[in-house]
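As structure tokens, the structure follows; a few thoughts come after it.
Each value in this text was obtained by applying a stated rule to the coordinates, not by laboratory testing. No experiment lies behind these values; they were computed from the predicted model shown. Virtual Cβ from ideal backbone geometry, glycine too; neighbours counted across all protein chains shown.
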Amino acid sequence: MATRVEKLSPPSVDDVFAGAARSVIELLDDERSQPGGEWSDAVSSWNSARIRKIMRRGRASAWVRAQDVPGVTVAVGTAEVRAFVPGPVDQTPHDLARLQIQTTPLDEPVEIQAAPELGSNELVIAVTPDVDMSWGKLAAQCAHAGQRAWERGDRSAREQWRASGSMIRIVHPDSALWRHLQADTSRKISTIRDGGFTEIPPGTNTTIAWWA
């Protein structure tokens, strides 16, 4: 994935996180990713293994060139995020490989102590307060959570979400609220545990997602 980060008008970090989740869902739902589509084999091979995502950043002409690499771009609030057709890291297309992985500072998320008021048919993603991660790493975790919630959601939930504008809510609970959300059995939760490739130990619970 990649997000657009211009020097004078960087996106908000929560918009990047929501955009990351939305872009992956749109890629999976694209007709080109369905059986018989031109992206089908690549998406199926990636999704049948231990999925891995990397968030890059681009600006100006480099961002424009990256739009020529096959994938899907979404706009969420202040953010533009593109999910690219998956493939081996050592075969990354040139215009994508030129985008930097290391992140530049964005705004800091605000922790909450109580569950927020939610609109109907939102996809909610909560981020752990227990470990520090770069915003690029967190964007990948939010994309994992969005993907798993989408794949495990029933047809009715997906259709209602689409009809309501495909809203994704990112929340940053404090430690007490995080534990409550993890233990809440009143909703079907998709839990993401990191593979440990970068930044944090394997098995770390990074995000949870559910349909409001």
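If the label point is 7 Å along Cα→Cβ of S9, which residues in the range 87-121 have backbone nitrogen under 16 Å from it?
none
Can you list the GluC sites (Glu not before Pro) in the range 82-129 that are in a DSSP coil and have 13 or fewer other beta carbons within 10 angstrom? Display every interim value, and only then the final one.
Values: sites: E111, E117, E122; in loops: E111, E117, E122.
Within the range 82-129, the qualifying GluC sites (Glu not before Pro) (loop, at most 13 other Cβ atoms within 10 Å) are E117.
If you place +1 on the Cβ of every Lys and Arg and -1 on the Cβ of every Asp and Glu, how big does the dipole about the Cα centre of the range 71-212 come out, in debye to the nearest 20?
540 debye
What is the set of long-range amide H partners of T204 at a cut-off below 5 Å, with H atoms built 1.01 Å from backbone N?
Residues meeting the criterion, in which the H sits 1.01 Å from N, are D194.
Straight-line reach from K7: which lysines have Cα under 22 Å away, leaving out those fewer than 8 places along the same chain?
K137
Per residue of the range 118-134, in order, report the coupling 6.51 cos²θ - 1.76 cosθ + 1.60 (Karplus, θ = phi - 60°) as ³J(HN,Hα) in whole Hz, putting x for Gly and Pro.
Once rounded to whole Hz, the list reads 10, x, 6, 6, 8, 8, 9, 10, 9, 10, 4, x, 7, 9, 8, 9, 5.
Given the DSSP H assignment, sum -39500 (n - 2.57) over each helix run of at least 4 residues in the chain and divide by its residue total; what's the result at 222 nm in deg cm²/dmol, nearest 500?
-10000 deg cm²/dmol
Within a 10 angstrom radius of the beta carbon, how do E199, E31 rank from fewest other beta carbons to most?
Numbers: E199 16, E31 10.
Ranked by crowding around the Cβ, least crowded first: E31, E199.
Name the trypsin sites (Lys or Arg not before Pro) in the range 148-188 that are in a loop by DSSP and that have at most 15 other C-beta atoms within 10 Å, would you? Spell out each step's value before the answer.
Details: sites: R148, R152, R155, R158, R162, R169, R179, R187, K188; in loops: R187, K188.
Hits after loop and neighbour filter: R187, K188.
Can you sort E151, E26 so the residue with the fewest Cβ neighbours within 10 Å comes first?
The order, fewest Cβ neighbours first, is E151, E26.
Just round it to a whole percent: the fraction of Cα-Cα distances in the chain exceeding 25 Å.
Working: 7841 of 22366 pairs.
For the chain, the share of Cα pairs beyond 25 Å comes to 35 percent.
G71's amide H: which non-local residues (gap 5+, or another chain) put their own amide H closer than 5 Å, with H modeled 1.01 Å from N in plane and none for Pro or chain starts?
HN-HN under 5 Å from G71: V85.
Run through the range 1-81 and list the trypsin sites (Lys or Arg not before Pro) located in a DSSP loop whose Cβ has at most 10 other Cβ atoms within 10 Å.
Answer in residue order: K7, R50.
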